Amino acid sequence: MNSLNIEIRPVTPPDVPAISALAREIWQATYPGIITQEQIDFMLEQRYGHERLYDDIEDADKWLDQAFHNGRRVGFAFSELYKGEFKLDKLYIHPDVQRQGVGGQLIAHVARRAAKLGYPCVILAVNKRNEKAIASYKKYGFAVRETVVDDIGRGFVMDDFIMEKKL
């Protein structure tokens, strides 16, 4: 399938409510059956509450990028410096444009930034049960490096693979 032609732009403060809403829409299409609705709601508030996003935009060690196709916001990628590594912290694509190259273009955008800043690889964490995402990351050059289980509070854990893409 041909890749969609997308435009990647930084997330700015006026974009925050739309990014928060897009995150909820994508999570509701992705995570039921992988994690509970209670954990979905908890993690959305923790990661995509407006104040958190405003803080992330102001952080010099974080980059928030959004993808548009024909003027419509179709996905986003957040990357950051994390424990001495360059981490793709969030990558979400609207379900109706998944498998059309949007994620790959955002990954390439993030990888170029990491390389320009001198990092040898990009890492990410992905839920071990999110098989679609794992397959997609492998297609774009990521390999599983390790497994982690992180307690994120309120009795919830993230049971993840850490994947790495060498640059």
Tell me, which helices (runs of 4 or more DSSP H) wholly within the stretch 1-85 include 3 or more residues that are within 20 Å of residue 97 (Cα to Cα)? 16-30
When residues of the stretch 28-42 are filtered for being aliphatic (A, V, I, L, M) and closer than 17 Å to residue 18 by Cα, how many remain? 1
Pull out all pairs, ordered by first then second residue, where Cβ-Cβ is under 9 Å, the residues are six or more apart or on different chains, the first lies in the stretch 49-68 and is farther than 11 Å from residue 15 by Cβ, and the second is surrounded by fewer than 11 Cβ atoms within 10 Å (Cβ to Cβ). 63/10
Residues located in the stretch 86-111, provided they are open to solvent by 30 Å² or more (accessible area, probe 1.4 Å), free of Cβ contacts under 8 Å to residues at least 60 places away in the same chain, of a type outside the set (A, V, I, L, M) and in a helix (DSSP H, G or I): 96
Are any residues in the stretch 115-153 in a helix (DSSP H, G or I) and within 29 Å of residue 42 (Cα to Cα), and if so, which ones? 131, 132, 133, 134, 135, 136, 137, 138
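The values are calculated or read from the model by the stated rules, or taken from the named source; none is laboratory data. The shown structure was predicted, so the numbers you read here are calculated from the model rather than taken from an experiment. Using ideal geometry, Cβ is built from the backbone for each residue, glycine included, and neighbour counts are taken over all protein chains shown. All accessible areas refer to the heavy atoms of the entire protein, side chains included, with ligands and DNA or RNA removed. Shrake-Rupley method; radii C 1.70, N 1.55, O 1.52, S 1.80 Å.
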